[in-house]
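Visitor: The following block contains the structure, expressed as structure tokens.
The values are calculated or read from the model by the stated rules, or taken from the named source; none is laboratory data. The structure displayed is predicted, hence computed values, not measured ones. All Cβ positions, even for glycine, are placed from backbone atoms using ideal geometry, and neighbour counts span all protein chains on display. Side chains included, ligands, DNA and RNA excluded: accessible areas come from the protein's heavy atoms. Shrake-Rupley method; radii C 1.70, N 1.55, O 1.52, S 1.80 Å.
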Amino acid sequence: MHLLNLTLQPATAVSNAVVGSFSGKGQEILVVHGATRLEILKLNPSTGQLDSICTSEAFGTVRNVAAFRLAGMTKDYILLSSDSGRLSIVELVISPTPHFESLYQEVYGKSGSRRTVPGQFLAVDPKGRSVMYGAVEKSKLVYILNRNSEGKLFPSSPLEAHKNHTIMTNLVGVDTGYDNPMFAALEIDYGEADRDPSGEAMQTTEKYLTFYELDLGLNHVVRKWSEPTDRRANLLVQVPGGQNANTDRFDGPSGVLVCTEDHIIWKHMDADAHRVPIPRRRNPLAQRGETSRGLIIVAAVTHKIRGAFFFLLQSEDGDLYKVTIEHEGEDVRAMRIKYFDTVPVAMSLCILKSGYLFVASEFGDQHLYQFQSLADDDDEQEWSSTDYKNNGDTEGPLPYAFFSPRPLQNMLAVDNVSSLDPILDAQVVNLLGNASDTPQIYAACGRGPRSTFRSLKHGLDVNVLVSSGLPGVPNAVWTLKLNEEDEYDSYIVLSFPNGTLVLSIGETIEEVSDTGFLSSSPTLAVQQLAHAGLLQVHPYGLRHIRAADRVDEWAAPPGTTIVSATTNPRQVVIALSTAELVYFELDDEGSLSEYGEKKSLPGNATCVSIADLPEGRMRTPFLAVGCDNQTVHVISLEPDSTLDTLSLQALTAPPSDICLAEIFDTSIDKNRATMFLTIGLLNGVLLRTVVDPVDGSLSDTRLRFLGAKPPRIVRSNVHGSPAVMAFSSRTWLLYTYQDLLQTQPLIYDTLEYACNLSASMCPDGLIGISGNTLRIFTIPKLGEKLKQDSTPLTYTPRKIVGYPYAPIFYTIEADHRTYGPKAIERIVSEKKAAGDKVDTSLLELPFEEFGRPRAGAGHWASLVRVIDPLTNDTVQTLELDEDEAAFSAAVCYFERMGGEPTLVVGTGVKTTFVPRSCKEGWIRVYAIRDAGRTLEFMHKTRTDDVPLALAAFQGYLLAGVGKSLRLYEMGKKALLRKCENTGFPTGVATINVIGARIIVGDLQESTFFCVYRSLPTRQLLIFADDGQPRWLTSVVNVDYDTVCAADKFGNIFINRLEERVSEKVDDDPTGAGILHEKGFLMGAAHKTDLVAHYNVGSVVTSLNKVSVAPGGRDVVVYTTVSGAVGALIPFISNDDVEFMTTLEMHIRSLNTSLVGRDHLAYRGYYAPVKSVVDGDLCESFNLLPYPQQQAIAADLDRNVGEVLKKLEQLRTGSVF
Amino acid sequence: MSELRYTANTSLEQLHARYTGTGHADTTKYELLTNQHRDTLSSIVGHPPLLAYLSIADGECQARERFEVLERMLQPCGVPPAKTDE
């Protein structure tokens, strides 16, 4: 078996974000998604939205990013640290199309995210002179960033600043102005603690704040200063410093902010420290005797404005604090802190100079806020270091500072970048029945109160503005401007089978009759002709309306009718029923003049098309005609060869419609738009070919099945760039996104026809007809492959289960370290009873924005929810008991319930992970009523451990409880245990049932193949296992003998059982043979073979085997914790395998990774890649320079177009 | 004991100082485990998706999880055993 891995939706989780002027013009934000994908976002000032400018897959784990600028330059370079063991410097190049260019890759260590290989930490000198790479332990390397004689960036060889037995917590560059660059690190030395058996040394080990100085003159690094600081320090923040060359003023006091639990300390070499407390929320649920944990700062950003500066620090609750430092020269007078606002907990914060804050939240959607004020003079309480003895720099903690969180006051939310991460479980099914020919993805996303249940449909989202009825069923609609210079359209023209209706667009839309249009017959085309003319093509002739009182008419020769027409502002072509073409061009006086002779065709023309007028030209050179004898002709319109046939293509079916349009696609032509010919066939297939701009020949034909209806095709415009729309049972849009041509369906009702509408109320709209209704809509966001609809959830979703007979999902949700509503009520009433004052205002704030009050480990809030995925509604929720959390769920069919589906939920009470323990486990049984919409609690059964996996099995329930697999039967008051097998090494994590076979996934030891035998006694027998240890997260059956599984390290692999073993086991009715077989390698008697192996790069959370494309074969769809959706597609033919592996090998050898990670090593991170081709890498063929493309294609004995076509076919044939 | 052990030792010590976590003939179980845990913990921190996965399970934010994991590297396997005279 050979598989192709393709990404359907790239990762959206943000692991890092930095702001800089990467293009050299204005500010951009560089975001690292899911640790592997780089994206540049730029704020669009007119819409206030973040637009994606360019993205690139790194094919390696990006661990840290930084921006730096060499002295005298205007643009920032990107510095990356990754698992490649290299220093990588990347530049964003804007022209011709935005892309990343790798400037420098310098090997300094082994690959992989290792303990002593630098790359975990990255600090840059603010003046861009040097950079320090730090490892978690021991190693630090300093590079000096220079320019060589040609002005190119040239890093020096590295200088070492290693120290053994030292663990680094954080690293930052110190702002020293133009003095020698310095770096500050938080370090802890474990040498003592490792040698002291009494444990005393471990208790007294101190954390050091160490300053390293790079002496630029001597070219070496010295450990300049090291002093113990708070043991719980976790983060360092750079403080502006250095002298301004012009004014001799100090920009700031320099040094660093040391963020520790509950405190922020300003520190600098040989200066007195200042310390302030981190203000905290008053926890209304704090109980007596409960020790409260310190609050840490998770993200920080420094902002400088006009010589002043301030910091925004974010705590783990999401509260932002504004910290200011009052200084005189290099001396700090006071440090102040106050509460600013509350936003979601971020991985990184970025402030844009234009007054925006980008919050790259750690889970879920990213947000953009606009500053309304800087809270300089509000009434929020401020804490100053001068309020405390010795500026707060004393032994022991400072008294707590409290504040009350409140809704946003200083910022305004302006944009929201939708993000799926983390996807914790997903199901791929088609719940829409006949309304959809492809399945949808239903995913449980997010964490905590910001969790959502999302349904994802392939296609572009449509925003409907108007839907109004019409007197009949029109067959076409157009919009018209009255004048070339008009900004907006004035008329809407509707063609009915027996007439034409003209509507004018004004304050309202109303019918007009004095337009000069012929209303008694249908219309074939309308066009605004140069300056102020209007053209109507009807079956019997042309009407050129030049002014209100002047109409030029051209009548079709007697006995003929016009069957099809195509127009642009200067050219008109009509096809007559006598298989003739007539060509008109606008002459100097502005009237249409007919070309001398007609062109006769070999068959009746069914459709004709010319492209839009190229900018600054008099005519478009080509005409395309589709004939009913299954051919397409390209005909010249140039003056010296007018109406000569240039090329011809035979089709497999008669064409239904045809369209010529010039669209930009960098994979075909990097410099100008390509002329595409799109042909719709009667059998529902869309052909897309490229027209050669010189000789009109056709090449590079791509096929795609659109739907059951013969497509109609229209040239249009979306978001200001040319596009093509094809109307079949779904509406498809061909458009350019990030310089590549995309073909995507719209998620909307079936449309007959549509065209652009530009009106004051919607400048970039579309107007379409569907049946007898007129629709006005817009396409809000291009480039999004999946449309999302979401339902908010209360807690982190753990699993979703579908009801088999109706579109209903059950989710189980659980949050650790959280009190449920029952617990909150109990604690509040207990506190009130004890006479304590309880301030419940915090409990009344919306949890989605402010989070829930934190509880200790072992406290859980959890519920079971019934969701209607079609309406995105919650139908029912059932809260579990206090500290009881749901971990597993399954729909079972018990005999006692008459074979009706029953929901079973496995829960644990007071579960903790370190150490792994729980007070007790329960299996709860819910009867399903009301076509799945209502759950009714029946009973619960105690277990000794948490049931982490449940599955239905032949009228019984299989439960994985700790290390045992148990079989339960439904009883009256509880479940009845029938038999068990306790032979699983670590714990049962997954159970899959296929026929009589049970596949059990262990937490650490991969899969076990089991059978159930009821004779002579009930037994669950293991007959085969895997020889390798695997920390499983998800398992799916591929066929009876084959499983596909994913582990915690991002590997997906396929294991297969030998057919001989499989048959032998099935032929053994008592299981005696299995029971007495001799074990092999300390496990079961038989082992599965590894068939395929691949590293995805992120933890896979769900696997589904399903057919995704209409008529496509089954593929394995996976989702990851970083929010990515991908698919593994089996190859059909060996030729494809050979082709793709060779292509992959060639692209691999070009080493295109921005971080310099060896691709084979990355995909074979933990075990070598086996039988899987990385389709994402192969698709990057698109982006290679043409000579490289040609060289690779030549090696494959094909041309570039054929390679691209093959790549597209492999994708669209199975997925999207 | 072969002669080799004494002659090779000088360069071995250097190598051990250079490559933290390398074992030798006299590595104790405690040292081995401590090294293994430190490797694992730094690998968790070095793979952002894995860190995210853990932080979801634990109900903590990623920065807190990273911090606690790094702190655990100080002594991941408890107090070292007392030396016994052989």
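Visitor: If the limit is 18 Å between Cα atoms, which of A:Lys25/A:Lys353; A:Lys963/A:Lys1064; A:Lys481/A:Lys781 go over it?
Guide: A:Lys963/A:Lys1064; A:Lys481/A:Lys781
Visitor: Ok, one more. What are the radius of gyration and Dmax of chain A, computed over its Cα atoms and given in Å?
Guide: Values for chain A (Cα only, Rg and Dmax): 34.1, 111 Å.
Visitor: Looking at the square roots a ≥ b ≥ c of the eigenvalues of the Cα gyration tensor of region A:20-87, which shape do they give, rounded for a/c under 1.5, prolate if a/b is larger than b/c, or oblate?
Guide: Judged from the Cα gyration tensor, region A:20-87 comes out oblate (a/c at least 1.5, b/c at or above a/b).
Visitor: For the A and B pair, go ahead and give the buried accessible area with a 1.4 Å probe, both sides summed, in Å² to 100.
Guide: Its buried surface, counting both partners, is about 4200 Å².
Visitor: Could you compute the net charge surrounding A:Gly289? Neighbours are other residues with a C-beta less than 15 Å from the C-beta of A:Gly289; K and R count +1, D and E count -1.
Guide: Local charge sum for A:Gly289: 0.
Visitor: Using a cut-off of 27 Å between alpha-carbon atoms, which lysines can reach A:Lys831, once sequence neighbours fewer than 8 places away in the same chain are excluded?
Guide: Reachable lysines: A:Lys822, A:Lys910, A:Lys919.
Visitor: A further question follows. Over region A:114-229, how many pairs of lysines fall under 23 Å by alpha carbon, counting only those 8 or more apart in sequence or from different chains?
Guide: 12
Visitor: Give the lysines reachable from A:Lys972 as a straight Cα distance under 20 Å; neighbours fewer than 8 places away on the same chain don't count.
Guide: The qualifying lysines are A:Lys940.
Visitor: Out of the total accessible area of region A:983-1121 (probe 1.4 Å, heavy atoms of protein only), what percent is carbon and sulfur?
Guide: Answer for region A:983-1121 is 54 percent, counting heavy atoms of protein chains only.
Visitor: Turning to a different aspect of this structure: Under a Cβ-Cβ cut-off of 10 Å, what is the net charge of the residues other than A:Asn872 that fall near it, where Lys and Arg count +1 and Asp and Glu count -1?
Guide: Its environment carries a net charge of -2.
Visitor: Now for a different question. Report, ordered by chain and residue number, the aspartates and glutamates lying within cross-link reach of A:Lys973, taken as a straight Cα distance under 19 Å and ignoring same-chain residues fewer than 8 apart.
Guide: Output for A:Lys973: A:Asp881, A:Glu895, A:Glu900, A:Glu920, A:Glu936, A:Asp944.
Visitor: Once you have a ≥ b ≥ c as the square roots of the Cα gyration tensor eigenvalues for region A:201-315, tell me rounded if a/c is under 1.5, and otherwise prolate or oblate according to whether a/b is larger than b/c.
Guide: Note, shape of region A:201-315 comes out oblate.
Visitor: Mean residue ellipticity at 222 nm from the helices of chain A, using -39,500 (n - 2.57) per DSSP H segment of n ≥ 4 over the full residue count, to the nearest 500 deg cm²/dmol?
Guide: About -2000 deg cm²/dmol.
Visitor: A further question on this structure: How many Å² of accessible area per residue for the protein assembly as shown, probe 1.4 Å?
Guide: 40
Visitor: Threshold 10 Å², probe 1.4 Å: give the residues of region A:333-348, in number order, that are less accessible with all protein chains present than with their chain alone.
Guide: The answer is A:Met347.
Visitor: Would you work out the relative contact order for region A:1133-1213, in percent, from Cα pairs under 8 angstrom that are 6 or more residues apart?
Guide: That works out to 30 percent.
Visitor: Taking the Cβ of A:Val988 as the center, what net charge do the other residues with Cβ under 12 Å away carry, scoring Lys and Arg +1 and Asp and Glu -1?
Guide: Result for the neighbourhood of A:Val988: -2.
Visitor: What is the total of Lys pairs in region A:1072-1208 with C-alpha atoms under 24 Å apart, excluding same-chain pairs fewer than 8 positions apart?
Guide: 6
Visitor: Next question. Name the residues whose placed amide hydrogens come within less than 5 Å of the amide hydrogen of A:Gly987, ignoring near sequence neighbours (fewer than 5 apart) on the same chain.
Guide: Result for A:Gly987 returns A:Leu1003, A:Gln1004.
Visitor: For region A:1-148, what ratio Rg/Rh do Cα atoms give with a Kirkwood hydrodynamic radius?
Guide: 0.99
Visitor: Something else now. Could you tell me the center-to-center distance, by alpha carbons, between region A:1060-1124 and region A:1132-1160 in angstrom?
Guide: One Cα centre to the other: 27 Å.
Visitor: Then there's this: When the dipole is taken about the Cα centre of the protein assembly as shown, and only Lys, Arg (+1) and Asp, Glu (-1) are charged at their Cβ, what size is it in debye, to the nearest 20?
Guide: 3000
Visitor: With a/c under 1.5 counting as rounded, go ahead and sort region A:866-983 into rounded, prolate or oblate using the C-alpha gyration tensor (a ≥ b ≥ c being the square roots of the eigenvalues; past the cut-off, prolate if a/b is larger than b/c, else oblate).
Guide: Judged from the Cα gyration tensor, region A:866-983 comes out oblate (a/c at least 1.5, b/c at or above a/b).
Visitor: I've got another one for you. Compute, for region A:1133-1213, the length of the dipole vector about the Cα centre, with Cβ point charges of +1 (Lys, Arg) and -1 (Asp, Glu) only. Units Debye, rounded to 20.
Guide: 220
Visitor: How high is the relative contact order of chain A, in percent, with contacts defined as C-alpha pairs under 8 Å that are six or more residues apart?
Guide: Relative contact order of chain A: 9 percent.
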